[in-house]
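Visitor: The structure that follows is given in the form of structure tokens.
The values are calculated or read from the model by the stated rules, or taken from the named source; none is laboratory data. These numbers were taken from a predicted model, which means no experiment stands behind them. For neighbour counting, all protein chains shown are included, and Cβ atoms are generated from backbone atoms with ideal geometry for every residue, glycine included. Just so you know, the surface numbers come from the protein's heavy atoms only, side chains and all, with ligands and any DNA or RNA stripped out. Shrake-Rupley method; radii C 1.70, N 1.55, O 1.52, S 1.80 Å.
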Amino acid sequence: MLPAFLRGNNISGKNIPASASFKPEPSNWKNDEINIAWIGHATVLINFFGTVILTDPVLFERVGLYILGTNWGPSRLTYPALSFDEMPKPDIILISHAHLDHMDFDTLSEFTSKYPNQIDCITAYNTKDVIEELNWKSLLEIDWGEETESLGVKFKALEVKHFGWRFPWEWDRSKGYMKEGRSYNAVLLEKNGKNILFGGDTAYQELFKNINTKVDVAIMPIGAYVPWRHNHCNPEEALIMASEHLNADYVIPIHTKTFKQGTEPVEEPLNWLRKSVNNYNIKLGLDDIGQTFNFRKQHLTL
């Protein structure tokens, strides 16, 4: 049997995803600002002082395996806040790991077909083989502790507690294959003295304590923790890592309300986060798909 996150929650196709309650307006963003819009799942559109970065883009209705012409992966609960046609051209696509719901070949193929040889892509160690046939401007892997710079943005790969295989038979660092196995990253982004942490996918861990960098905004996964606690943190754990380990000023949630991957109620992760955030020395940057967090000069506003 396929793992739960590869099996469909809606094979019949009868359920229609809900529309996002909010809609970003990237045409209004300015190049002297930081804007962070949650598009859905781990897909975040970032205007980082004029550099447009898109994380883990997944913009179609399903992710998963194609068998006999049908995608047997989970279907969306919520449409992306921006459709593919509404999305501005990203300068950089940042991919945390090769899981089907983070490295979506169909979405990436659409971007590189529309903008051939115009997008830089940064991905995790031992994952570029999945997408190297696409028409990238550049395609670079970064491993834990490694740094690179593109278009004025510095990227540093960080170790997390997760797993990397795209299919169960593949070698993976979580299985001990440190050289040959697929890896999985969080990434620290820095420009103009401001730092954004893109958490990707992680269970609770204390590795972020080693960063020794002031983080302004932590983008953290908060869903699919039941029963997958060994791979996914819950909202309380995300707050502990963002507030106490990273000393971040703001936290932005991802990895919830898009695909039914865990057995916790769909609304539980965001409700839990909203309720618990006041117990920590951190502010909630946004709390729903489609909202935009805006940093304008020296103050932050929604």
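Visitor: Carbon and sulfur: what percent of the range 166-302's accessible surface (1.4 Å probe)?
Guide: 51 percent
Visitor: What number, rounded to the nearest 500 deg cm²/dmol, is the helix-based mean residue ellipticity at 222 nm of the chain, given -39500 (n - 2.57) per DSSP H run of at least four residues and division by all its residues? Before the final figure, lay out the partial values.
Guide: Details: 3 runs with 25 residues, N = 302.
My calculation for the chain gives -2500 deg cm²/dmol from helical runs alone.
Visitor: Here is a follow-up. Toward the positive end of the charge dipole of the chain, about the Cα centre and with charges on Cβ (Lys, Arg +1; Asp, Glu -1), which of V266, N126, H99 goes farthest?
Guide: V266
Visitor: How big is the dipole moment of the chain about its Cα centre under a simple scheme where the beta carbon of each Lys and Arg is +1, that of each Asp and Glu is -1, and everything else is neutral? Debye, nearest 20, please. Spell out each step's value before the answer.
Guide: Numbers: 30 positive and 38 negative charges, 84 e Å.
The dipole magnitude comes to about 400 debye.
Visitor: Let me ask something else about it. Using the Cα gyration tensor of the chain, with a ≥ b ≥ c the square roots of its eigenvalues, what is the shape: rounded (a/c below 1.5), prolate (a/b larger than b/c) or oblate (neither)? Could the numbers behind the result be given before it?
Guide: Working: a/c = 1.19, a/b = 1.14, b/c = 1.05.
Rounded, since a/c falls under 1.5.
Visitor: Taking 0.36 nm per intervening residue step and subtracting the Cα-Cα distance, what contour gain separates K283 from K175 on full extension?
Guide: So the extension gain works out to 35.3 nm.
Visitor: Exceeding 21 Å between C-alpha atoms, which entries from my cross-link table qualify? They are K30/K137; K154/K179; K30/K283; K23/K89. Before the final figure, lay out the partial values.
Guide: Working: K30/K137 25 Å; K154/K179 25 Å; K30/K283 23 Å; K23/K89 17 Å.
Violating the 21 Å Cα-Cα cut-off are K30/K137; K154/K179; K30/K283.
Visitor: Same structure, new question: Decide, for the range 79-227, between rounded, prolate and oblate: order the square roots of the alpha carbon gyration tensor eigenvalues as a ≥ b ≥ c, take rounded if a/c falls under 1.5, and otherwise choose prolate if a/b is larger than b/c, else oblate. Could you put the intermediate results ahead of the total?
Guide: Working: a/c = 1.44, a/b = 1.14, b/c = 1.26.
Judged from the Cα gyration tensor, the range 79-227 comes out rounded (a/c under 1.5).
Visitor: Okay, moving on. Report the relative contact order of the chain, percent, no decimals, based on alpha-carbon pairs under 8 angstrom and at least 6 residues apart.
Guide: Reported relative contact order: 18 percent.
Visitor: Now for a separate question. T263 accessible area, nearest 10 Å², 1.4 Å probe?
Guide: Spelled out: T263, probe radius 1.4 Å, area about 100 Å².
Visitor: Let me check something: with ligands and nucleic acids excluded, how do W169, W29 order by accessible area (1.4 Å probe), largest to smallest?
Guide: W169, W29
Visitor: Continuing with this model, one more query. Please report the relative contact order for the range 170-209, taking Cα pairs under 8 Å with a sequence separation of at least 6, and give it as a percent rounded to a whole number. Before the final figure, lay out each step's value.
Guide: On the way: 38 pairs, mean separation 10.2, N = 40.
Relative CO of the range 170-209 lands at 25 percent.
Visitor: At 1.4 Å probe radius, can you tell me the per residue accessible area of the chain in Å²? All intermediate terms of the calculation are to be shown ahead of the outcome.
Guide: On the way: 12590 Å² over 302 residues.
Result: 42 Å² of accessible area for each residue.
Visitor: Next question, about the same structure. Only bridges whose two residues both fall in the chain count here: according to DSSP, what percent of them are antiparallel, nearest 5?
Guide: 65 percent
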